[in-house]
Amino acid sequence: MKVFGDLGSSLGSRRTEDKIEIVNSGSGIHTLRLKGAVVKQSRKRLLLALATIFVPTIVTTSATAYGQVASNAAIDSIYPQVESLYIDIHRNPELSRREQRTASKMADGLRQLGYEVTTGIGGNGLVGVLRNGSGPTVALRTELDALPVEEQTGLAYASQVRVKDDSGADVPVMHACGHDLHMAAWMGTATLMARNKSTWTGTLMMIGQPAEETVSGASAMLRDGLFTRFPKPDYVLAIHDDSDLPAGTVGFVPGYSHANVDAVAITIYGRGGHGAMPQTTIDPIVIAARTVLALETIVSREIDPHDPAIITVGSIHGGTKSNIIPDEVKLQLTVRSYREEVRKHLLASIIRIARAESEAAGAPQPPKVEFYDPAYANYNDPALTERMTAALRRRLGEANVVEIPSKMVSEDFSEYRRAGVPSVMFFVGAVDPAKYKEAKASGTPLPSLHSSKFAPDLKPTMETAMATETTALMELMGKR
Ligand SMILES: [Zn+2]
Ligand SMILES: [Zn+2]
């Protein structure tokens, strides 16, 4: 937590996990992951266009060098075991920082395949390394954690799990973000790569990352020596399932795909008193009202319209009774951006405006401005994205690999690039193509990620996830 005026150091450093946890238990950044109106709008247009051109996919077998590893036949041969792993993980979800069972399941699976496995990295993180001669070191990351959501999918294998959270409250747990699908596909890919070592060369590094949903697991693993105790990869790859794309398609975003997210708390101080004697008071409710309106001018008047940015005041609290002017008012904000310069400008302007509005009202002391839980924008290396996209188009068909708009949500996959490694995340469509078409035609929104009703169209989504991962790995490591 950083206080009023000390912007420089708060921007430069990430807070400790403990501090992040405390703040999260009250008004967690996770619950503030809202889509920005600007992005949503353009995404909607694009998806409407997609709905009209989309042709249901049969993944085609490529005649290229990576056929043996990434082919339909290879994927089909392991699909039953991948699906049963998925169902097992789906039935047994674990909250962030509590992924012990999940992590040991992943570690056991990799060990059986011949990977050198290390566990307990940055909490429940694990790494499996498969050395296979000279060549690039490529990392493939999956997340391990689930969410406090009560599953309402009606599936036979729906989660029934409930646990006590850190505050002692009884909470349901569900893989509502699809990390179970990521893990199962990741293990399937690890299997195909291990079984076909003669077709590629290099070092494969499988990263099982905990605590993505609290945006803390990647940095915890890096602090615990992920890129020093193990080979530092030349590339890091990941997929995420996508509730806005039909199964069989893959979305890509060159450059920024996820936003910087900062949570800000502002306490405005006044001088309380009787509501009928305002002349004896300095009313913090009036200062807060003016502050909120002035904050709204930062994005509209100070930021280049080409730079996406959001300031949302999501919470305002002050006062107890109609005839009492309170002593203080508290505001809570979420601030989102892509470019670091824009992020710094937004945060600096918030301090400037909050301070100036209090000063204008003659407040007895300046407001306290605190910054919590920074998450950094994910940037997909454009050259790597282009190379991967070309390979994926050959494998999945031109029409099934589509550029999609970036999102104003957060994703700590950004940390790997911040640690100096070019990285790219692809988005694997998870919606039954028929339901997707129907939803677009009727305008009814589909269950999004984190919804209690989110369930991927399992087989085609899983197959496309594995096809994406194996194709990407073989593009970088395959023998030619
Ligand atoms: Zn999530
Ligand atoms: Zn996720």
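Only the coordinates and a few stated rules stand behind these numbers; no lab work does. A quick note: this is a predicted structure, and the numbers were derived from the prediction, not measured. Note: ideal-geometry Cβ built from the backbone for every residue, glycine included; neighbour counts use all protein chains shown.
Per residue of the chain, what 222 nm ellipticity follows from adding -39500 (n - 2.57) for every DSSP H run with n ≥ 4, rounded to the nearest 500?
Taken over the chain, the calculation gives -12000 deg cm²/dmol.
Considering the dipole of segment 157-233 built from charges on the beta carbon (Lys and Arg +1, Asp and Glu -1) around the Cα centre, which of Pro233, His179, Thr203 is farthest to its positive end?
Thr203
Taking the Cα centre of segment 234-328 as origin, work out the dipole magnitude from +1 charges on Lys and Arg Cβ and -1 charges on Asp and Glu Cβ, in debye rounded to 20.
660
What is the extension gain from Asp88 to Ala276, computed as 0.36 nm multiplied by their sequence separation minus the C-alpha to C-alpha distance, in nm to one decimal?
Full-extension gain reported as 61.3 nm.
Could you give me the ³J(HN,Hα) list for segment 409-419, computed from phi with Karplus coefficients 6.51, -1.76, 1.60 and θ = phi - 60°, whole Hz, x at Gly and Pro?
8, 10, 6, 7, 4, 3, 5, 5, 6, 4, 7
As an exercise, find the ratio Rg/Rh for the chain from alpha-carbon atoms, using the Kirkwood inverse-distance average for Rh.
Here Rg/Rh amounts to 1.01.
What is the helix-to-structure angle for 72-91, meaning the angle in degrees between its Cα long axis and the longest Cα principal axis of the chain, kept from 0 to 90 and rounded to the nearest 10?
40
With the cut-off at 31 Å, tell me which of the pairs Lys344/Lys435; Lys105/Lys232; Lys105/Lys197 have Cα atoms farther apart than that.
Lys344/Lys435
From the phi of every residue in segment 308-315, what ³J(HN,Hα) in whole Hz does the Karplus formula 6.51 cos²θ - 1.76 cosθ + 1.60 yield, where θ is phi - 60° and glycine or proline is x?
These are the phi-based 3J(HN,Hα) values: x, 7, 9, 10, 10, 8, x, 8 Hz.
Considering amide H positions built from the backbone, and no H for Pro or chain starts, which residues 5 or more places from Glu328, or on another chain, come under 5 Å of its amide H?
Here Gly270, Gly319 satisfy the definition.
Any chance you could give the angle, 0 to 90 degrees and rounded to 10, that helix 340-360 forms with the longest Cα principal axis of the chain?
Approximately 20 degrees, to the nearest ten.
In whole Å, how far is the Cα centre of segment 115-183 from that of segment 379-397?
About 26 Å separates the Cα centre of segment 115-183 from the one of segment 379-397.
Rounded to the nearest 20 Debye, what is the dipole magnitude of segment 329-405 about its Cα centre when Lys and Arg each give +1 and Asp and Glu each give -1 at the C-beta?
100
Angle check, please: helix 458-477 long axis (alpha carbons) against the longest principal axis of the chain (alpha carbons), in degrees 0 to 90, nearest 10.
80
What are the ³J(HN,Hα) values, in whole Hz, obtained from phi via the Karplus relation 6.51 cos²θ - 1.76 cosθ + 1.60 with θ = phi - 60°, for each residue of segment 288-300 in sequence order, with x given for Gly and Pro?
Values per residue, Gly and Pro as x: 5, 4, 5, 5, 4, 5, 5, 4, 5, 7, 5, 5, 6 Hz.
Give me the distance between the Cα centres of segment 65-112 and segment 429-462, rounded to whole Å.
If you average the Cα positions of each part, the centres end up 22 Å apart.
Note the full-extension length gain between Ala360 and Leu293 as 0.36 nm times their separation in residues minus their Cα-Cα distance, in nm to one decimal.
22.7 nm
How large is the charge dipole for the chain, taken about the Cα centre, if only the Cβ atoms of Lys, Arg (+1) and Asp, Glu (-1) carry charge, to the nearest 20 debye? It would help to have the intermediate numbers written out before the result.
Values: 51 positive and 53 negative charges, 123 e Å.
Computed about the Cα centre, the dipole is about 600 debye.
If I model segment 139-251 as equal point scatterers sitting on the Cα atoms and use the Debye formula, what is log10 I(q)/I(0) at q = 0.11, 0.13, 0.16, 0.20 Å⁻¹?
Reported log10 I(q)/I(0), two decimals: -0.48, -0.66, -0.93, -1.21.
Quick check on the chain: of the DSSP beta bridges with both residues there, what percent are antiparallel, nearest 5%?
Working: 50 of 73 bridges.
Within the chain, antiparallel bridges account for around 70 percent of the total.
Out of residues 5 or more away from Val149 or on other chains, whose amide H comes under 5 Å of its own, with H placed 1.01 Å from N in the peptide plane?
Val173, Met174
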